[in-house]
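**Student:** Pasting a structure here, questions to come.
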Amino acid sequence: MRIAALFIALGLVPAPLQAAGGRACGVPSITAEQKRAVEEATESRVRTMSLAAARVPGSVTIPVWFHIVSQGTGIANGDVPQSMIDAQVRVLNDSFSGATGGANTPFRFTLAGVKRRTNATLFNNCDNDEAGLHVGRVGGAETLNIFTCNSEAYFGWAYYPWWYADDPGRDSVNLDFSTLPGSTGAPFNTGDTAAHEVGHWLGLYHTFEGGCAEPGDHVSDTPAEGTPHYGCPSGLDSCPSMPGLDPLRNFMSYFDDACIWEFTPQQSQRADTQHATYRFSGSSTPTATPTRTATPTATTRPSATPTSRGTATPTSRPTPTATATAARPTPTSGGGAAWAPNTFYAVGAVVTYGGVSYRCLQAHTSQAGWEPPNTPALWQTL
C-alpha cells in the first residue's frame, strides 16, 4: 500500500481504538494530527470545488455491489441468500432515508450486482488477506462495494472516502456475514452494522471519536461520548461537563442493533459534503489526500483490548437489555401469527403474544427470552 507523503512528513501512524465488549468495528482509526490534516484537506477541496448547497433528500443514488465469499453452501458457511442481500439494501435505504427515525439524508442505495466466490481459506482469513478479499472490486469512488466473509475480529470495517485516491483497490465496506438481516449474529444480525460502516464510507466518525474533547466527531448535533458503550442502555452522560446525554440511538455508536436507528441532520450534512468532495462522479481526483499509513492485521476475535485495527469484541456476544427510551417509527404491516422463537421478523411484522398484538420495530431473529413483553426495543404494543 502506498503511504501518503503528507503523513510521512508529519510522522503520523495509525492508532487503533481500544475498547472491549459489544459491537466491534475495524475501521482504521486516525490520530488527532491525522484528523486535522484530513479536515484541512477537505476544507481546501470544498473551497476549490465551490460545492453547491446541500443536496436534497434522496437525490444521490449509490450503486451497490455485493461480493459474497463463502466456504460452501448454506448460511452457516457464509453463502447468504439473495433475500438477505435484498433485505440489507432495504435496511440501508430505511436507515439513510429517516424511515427508522433521524435525518432524511441525500443517499439512496440500489443493488447493482452480486458476485460469489467459494474459498474456505479466504472466507476464514479475510481479516489478513484484504488483497485477496477485494479481488473483483467494481467501479470507482462512487460505487459501494460490500464484501462479506467470516471475520475473526470484527463485525465490519470500512475505508473513509479521502483514502480512495491513495488506494482505490481497498475502498470498500466489509461485513461479517453474520450481521446481515436474518443471519446468525444476534443481536447484531438486523443489518445495522452495514449502516454503521457505510457511515464511515461516507466520512462519518464514531460518536465517541475524540472522547470528551473538542472537536470530537466533527458533528455539532451529536453530544460528546467519552468512550464506547455497549448493549442497550438509557440516560448515559459520559461527558457531564458538556451539553447533552450520550447519543445512544445513533448508528455511529456501538450499541446493539435494536437500539440504534438514526443519523442526525449534521451527520447527513457532513456525509453529503464528504461524498460530494471525494465520491461524486463529477468531482476531480485529489492530488494530495491524507491516507492511513499501514495495514492493520487481526488473527482472532479478541476478548480484551486488541492490538490491531479498530476495537475488540467478546468471544460471546451479549443479548440486548432492551431498555431503549424510544421506539423507532415503522410502517404498519399485516399479520398476527403467534410469536415464536428462532424466527426472523422483518420491520413492521405483527405478531400476537399472550393475547396482545405487537409490531416489530427492528428486524431480528427471535430467541427464547426475547418475548415481545420483555423486549420493548424490538416490539411495540398495538
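**Student:** Kindly identify segment 209-256 as rounded, prolate or oblate by the Cα gyration tensor criterion: order the square roots of the eigenvalues as a ≥ b ≥ c, call it rounded if a/c is under 1.5, otherwise compare a/b with b/c, prolate if a/b is larger, else oblate.
**Tutor:** Note, shape of segment 209-256 comes out prolate.
**Student:** How much accessible area does V91 have with a 1.4 Å probe, in Å² rounded to the nearest 10?
**Tutor:** 20 Å²
**Student:** With the Cα gyration tensor of segment 182-275 giving a ≥ b ≥ c as the square roots of its eigenvalues, does the rule (a/c under 1.5 for rounded; else a/b larger than b/c for prolate; else oblate) give rounded, prolate or oblate?
**Tutor:** It is oblate, given that a/c is not under 1.5 and a/b is not larger than b/c.
**Student:** In addition: Of all accessible surface on segment 60-205 at a 1.4 Å probe, what whole percent is carbon and sulfur?
**Tutor:** Accessible surface attributable to carbon and sulfur in segment 60-205 totals 51 percent.
**Student:** Based on the mean of other beta carbon atoms within 10 Å per residue, what is the order of 32-38, 260-266, 137-143, 155-161, most packed first?
**Tutor:** The densest-packed peptide leads the list: 155-161, 260-266, 32-38, 137-143.
**Student:** Toward the positive end of the charge dipole of segment 104-183, about the Cα centre and with charges on Cβ (Lys, Arg +1; Asp, Glu -1), which of A112, S151, S183 goes farthest?
**Tutor:** Of the candidates, A112 comes out farthest on the positive side.
**Student:** Per residue, how much accessible area does segment 80-203 have with a 1.4 Å probe, in Å²?
**Tutor:** So segment 80-203 comes to 25 Å² accessible per residue, rounded to a whole number.
**Student:** How far is it, in nm, from the label point at N77 to the one at T121 when both lie 7 Å from their Cα along the line to the Cβ?
**Tutor:** Those two pseudo-labels are separated by 1.8 nm.
The values are calculated or read from the model by the stated rules, or taken from the named source; none is laboratory data. On a predicted model such as this, the values are computed, not experimentally measured, just so you know. Note: ideal-geometry Cβ built from the backbone for every residue, glycine included; neighbour counts use all protein chains shown. SASA here: full protein model, heavy atoms, side chains in, ligands and nucleic acids out. Shrake-Rupley method; radii C 1.70, N 1.55, O 1.52, S 1.80 Å.
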